[in-house]
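As structure tokens, the structure follows; a few thoughts come after it.
The values are calculated or read from the model by the stated rules, or taken from the named source; none is laboratory data. Predicted, not measured: the structure shown is a model, and the values here were computed from it. Ideal geometry is used to build each Cβ from the backbone, glycine not excepted, and the neighbour counts take in all protein chains shown. Calculation scope for accessible area: heavy atoms of the full protein, side chains included, ligands and nucleic acids excluded. Shrake-Rupley method; radii C 1.70, N 1.55, O 1.52, S 1.80 Å.
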Amino acid sequence: MAACEELEREYEKAKRDPRFKARLAELLKSFAGRPTPLFYARRLTEKVGGAKIYLKREDLLHTGAHKINNCLGQALLVERMGKHRVVAETGAGQHGVATATVCALFGFACVVYMGTEDMRRQELNVFRMRLLGAEVRGVDSGSRTLKDAINEAMRDWVTNVRTTHYLLGSVLGAHPYPTMVRDLHRVIGQEARKQVLQAEGRLPTSVIACVGGGSNAIGIFYDFIRDKKVQLIGVEAGGRSEKLGEHAARFRGGLPGVLQGTYSYVLQDEAGQIASTHSVSAGLDYPSIGPEHAWLADQKRAQYVAASDGEALAACKMLAQTEGIIPALESSHAVAEVIKRAPKMKKTDVVIVNISGRGDKDIGILRENLQLDSACR
Amino acid sequence: MNMSLAFKNHPGLVAYLTCGAPDLGATKSAALAAIGAGAEVLELGVPFSDPVADGPVIQRASERALRNRVSLEDVLKVAAEIRRQSDVGMVVFTYFNPILRMGLDRFASAAADAGVNGALVTDLPVEEAGQYLERMRKSDLATVFLAAPTSTDDRLKRICAVSTGFVYAVSRTGVTGARKDLAEDARKLVERLRRFTKLPIAVGFGISGPEHFRSVGRFADAAVVGSALVQAMEENPGKEAQAVAELIAQVVGRRPSAVSP
């Protein structure tokens, strides 16, 4: 608690400090590569038929995903707090890579916790983190995925709290993390809103993003929340089936609960034990969801749907072959939803899909799951 | 005020057990053995899938218990059985989600019916505890909270204001688990807590031997032995009760009395 209070105080001060804001803006521009383009996906639009599809290209950021936005902001806070050791959790490895990257940039010691199941399926990112100088510690408990990595990162943090900052990678955990991480990703929606107004002269009909913890989704949703007519659609991992344990769709069977300091929808059994989850994408494979998404769902301001493993894999292939963009398997869930939804919309409708990360890290899984030969085109 | 959580010995001994590891029968006989060996308060640990505040020993015990699908409801049943044989103080030690799932109302009634004296909810900060406190008071159940060495005075004051039964002082930053050295942190924390409460203060996290026990006795009212007991049970399959009695006797520096298995 003391550490959360310290972080909250420092963040509240930093938010109002013009030097902090200027340094963050400069890093986002010159190091991470912001602003990211809003790209009109002409061939995908034609192929799917219906609404005009735009892609917000967070996959083009340095380290390959939106995660760097949050990591740069928190790294500046670590420096302000005078700490010099950072721990983080990672599922798909994208947050781990972004954390290892900022630690190299700022000269912090870095330990990343990762479930051993995720280390296996995201091997490339494990190597990238190590190359960047981070220590990657495998977590062998529970389902050996993101949830278990968070448990272990929290244990490290509370043990070494006087020197160590927990660089949490999603809109989860205790206050101030969910609001702070959201603020650091708001830039996605701020840019997208400006860009779509410039390109189309109007606001989009819908904004679609995948939701694990929900950081990329809340980042792109946030500045559209007050635009009541803009539909906000979060896409959860439908996994293999609708059975508990075979998916990570919290709004499909999840109940209010507390996990890792957050009160939100949680996949759990009748005794309140947290359920195991499954998704082909490690980044969405988590039994709870950021509390602000729970609120948006309860308010009916956003709706949450699910895409299955199979739909996400097919969507990944379709975007690769129509637009020359290989999305991360997480982002592929959002692409799968636009493929389902756009044909039912008018040609004058405009949809923005957040391509939160690129798929290079997923090549191994894609190779296992997609049979590509000359006939497949 | 719930007097059954008072300590007659000095220092008093609080024994923590993860219920259902290896099974509920062993938990019951180990609990009775702990009482026989001098434990004045039992902390009945509810196994949880994501025990973020616990070290490897209690994590493993929780996994074993969950393989037997041991639930909060089962823990209350064991409590009721122990209550039939002893007037020992009993505190349910749990994460919040199992209580939330059962329902606060049902939990408080069931705990009171089982003869439990109170609860300690590891991941429920005092700031969020309003409804919980109100409901627990209604059933005359004690609410024990954890105080950490990193807590500010302001926070310690708030913790003391809503604690009943005793205050649990965490000896150092980190998770549960036996340690060779007890940090100086513990003494300082207890001294700070004394300014805000007249309740007994129990020190826990890391206590495994007679030296720890004696040194805690110099500044606190009671010591909690947890992971060391759970580990002794893990290492002595089939002889859990005996292992618990022997370890407690050793920690408190008394000869073990005869224990019925």
- Could you provide, to the nearest whole Å², the per residue accessible area of chain A with probe 1.4 Å? 37
- Note on the structure: Mean accessible area per residue over region B:150-216 (1.4 angstrom probe, all protein chains present, square angstrom) is 42
- Item | For chain A, calculated [θ]222 nm from helices alone, where every DSSP H run of n ≥ 4 adds -39500 (n - 2.57) | -13000 deg cm²/dmol
- Accessible surface of region A:133-211 [probe 1.4 Å, protein heavy atoms]: carbon and sulfur percent: 49
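To the nearest hundred square angstrom, how large is the accessible surface buried between A and B, total for both chains, probe 1.4 angstrom? Write out the running numbers ahead of the final one.
Values: alone 15260 and 11510 Å², together 24530 Å².
Chains A and B together bury approximately 2200 Å².
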- By the gyration tensor of its Cα atoms, with a ≥ b ≥ c the square roots of the eigenvalues, what is the shape of region A:98-175: rounded for a/c under 1.5, prolate for a/b over b/c, or oblate? oblate
- Message: Out of the total accessible area of region B:93-240 (probe 1.4 Å, heavy atoms of protein only), what percent is carbon and sulfur?
- Response: 47
- Occluded residues from region B:69-108, i.e. those whose accessible area drops by 10 Å² or more once the chain is not alone (1.4 Å probe): B:ARG69, B:SER71, B:PHE96, B:ASN97, B:PRO98, B:LEU100, B:ARG101
- Task: Take the alpha carbon atoms of region B:82-116, find their center, do the same for region A:61-107, and report the distance between the two centers in whole angstrom.
- Result: 42
- Query: Can you work out the FRET efficiency for the pair A:LEU372 and B:ARG84, with r the C-beta to C-beta distance and R0 = 60 Å, to the nearest 0.05?
  - Reply: 0.35
- Message: Residues of region A:133-160 with the amide nitrogen closer than 14 Å to a label point 7 Å from the Cα of A:ALA109, along Cα-to-Cβ, please.
- Response: A:134-136, A:156-157, A:159-160
- Query: Taking a probe of 1.4 angstrom, what is the accessible area of B:TYR16 in Å², to the nearest 10?
  - Reply: 10
- Query: Going by a ≥ b ≥ c, the root eigenvalues of the Cα gyration tensor, does chain B fall in the rounded group (a/c under 1.5), the prolate group (a/b larger than b/c) or the oblate group?
  - Reply: rounded
- If amide H atoms are built 1.01 Å from N in the plane of the peptide, which residues on other chains or at least 5 residues away come under 5 Å of the amide H of B:ALA142? B:GLY118, B:ALA119
- Query: Of the listed peptides A:238-247, B:218-227, what is their order by residue-averaged count of other C-beta atoms within 10 Å, with the highest listed first?
  - Reply: B:218-227, A:238-247
- Message: With a 1.4 Å probe and all protein chains kept in place, how do A:MET114, A:MET345 rank by accessible area, largest first?
- Response: A:MET345, A:MET114
- Compare each residue of region B:40-58 in its chain alone against the assembly with all protein chains, and report those whose accessible area goes down by 50 Å² or more; 1.4 Å probe, heavy atoms. B:ASP50, B:VAL52
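Would you mind checking A:LYS56/A:LYS361; A:LYS21/A:LYS147; A:LYS56/A:LYS243; A:LYS67/A:LYS194; A:LYS147/A:LYS229 for any pair whose Cα atoms are more than 27 angstrom apart?
On the way: A:LYS56/A:LYS361 19 Å; A:LYS21/A:LYS147 32 Å; A:LYS56/A:LYS243 33 Å; A:LYS67/A:LYS194 21 Å; A:LYS147/A:LYS229 35 Å.
Check vs 27 Å cut-off fails for A:LYS21/A:LYS147; A:LYS56/A:LYS243; A:LYS147/A:LYS229.
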- Query: Is region A:259-317 best put as rounded, prolate or oblate by its Cα gyration tensor, with a ≥ b ≥ c the root eigenvalues, rounded for a/c under 1.5, and otherwise prolate when a/b is larger than b/c, oblate when not?
  - Reply: oblate
- Length gained if A:TYR40 through A:GLU123 is fully extended, taking 0.36 nm per residue and subtracting the Cα-Cα distance, is 26.6 nm
- Select from B:ARG187, B:ARG172, B:ARG158 the residue whose mean-square fluctuation is largest in a Gaussian network model of chain B (Cα-Cα springs shorter than 10 Å). B:ARG158
- Task: Calculate, for A:ARG186 and A:ARG240, the FRET efficiency according to 1/(1 + (r/R0)^6) with r their C-beta to C-beta distance and R0 30 Å; round to the nearest 0.05.
- Result: 0.30
- Message: On a full-extension model of 0.36 nm per residue, what is the gain between A:LEU197 and A:ILE363, subtracting their alpha-carbon distance, rounded to one decimal in nm?
- Response: 56.3 nm
- Ignoring ligands, DNA and RNA, what percent of the accessible area of region A:229-377 is carbon or sulfur (1.4 Å)? 52
